[in-house]
Amino acid sequence: AQSVTQLGSHVSVSEGALVLLRCNYSSSVPPYLFWYVQYPNQGLQLLLKYTSAATLVKGINGFEAEFKKSETSFHLTKPSAHMSDAAEYFCAVSESYPAGGTSYGKLTFGQGTILTVHP
Amino acid sequence: SAVISQKPSRDICQRGTSLTIQCQVDSQVTMMFWYRQQPGQSLTLIATANQGSEATYESGFVIDKFPISRPNLTFSTLTVSNMSPEDSSIYLCSVEVRGLKSSYNEQFFGPGTRLTVL
């Protein structure tokens, strides 16, 4: 079974400060990992994904995440927060099937982290 | 990529009634999923609806409560039956398509249907 834990339901940063959103996963097989963003009253948008290639993954809007197998973590970072980054962020895990394949199948989401950016 | 639309975008329904949510995709897809996002909570998978087979429901979800149709490769419906206030949620469909920039597939989400049950 797979699961995701996001540490901190709310994170508040100042504009220009570092953004760090934490995600730890549990998976019985090598995982595929995702970060999604949800702006108010909008659908989910994929920020980035890890699919067993480079452990440092760069996404849209200046976000990146590093896969650390030893720590079972996939934390999301951005060097400098912008007001437009205020949203809810979800970490998700899937177990590729067949193993090592190119399909993700169902996703298991974390509880979400609401990011607030102060001027 | 895939562009997904859902109808209705929102609705307010009375207890005991049913609502059918439509999901339309602009391209043919095999894998389609239905998720629920309850207020203040994360997304939970309801079922996987692949064309040509019966929907597969996750633990805690049953076909009588959430019947799903998948008549073709671009369309699906989810019905929320005999609704109660606990069914008030955002319901989202998602699809998995072949990636354009990599060998891996991509998953896209619809905008969601915001349901309020009184």
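Sparsely packed loop sites in the stretch A:43-75 (the GluC sites (Glu not before Pro) outside DSSP H, G, I, E and B with at most 13 other Cβ atoms within 10 Å) do not occur. Entry note, chain B: relative contact order of 37 percent, from Cα contacts under 8 Å with a spacing of 6+ residues.
In this rough spin-label picture, where each label sits 7 Å from Cα along the Cβ direction, the A:Thr72-B:Gln22 distance is 4.4 nm. Here the spin labels are modelled as points 7 Å beyond Cα on the Cα-Cβ line, and at A:Ser14 and A:Asn41 they lie 3.2 nm apart. The count of lysine pairs in the protein assembly as shown with alpha-carbon distances below 14 Å, taking only pairs 8 or more places apart or on different chains, stands at 4.
Computing FRET efficiency as 1/(1 + (r/R0)^6) for A:Ala1 and B:Lys65, where r is the C-beta to C-beta distance and R0 is 30 Å, gives about 0.80.
Every number in this text was worked out from the coordinates using simple rules, so none of it is lab data. Just so it is clear, the structure is predicted and the values come from calculations on it, not from any experiment. As a convention, Cβ positions derive from the backbone with ideal geometry for all residues, glycine included, and neighbour counts pool all protein chains shown.
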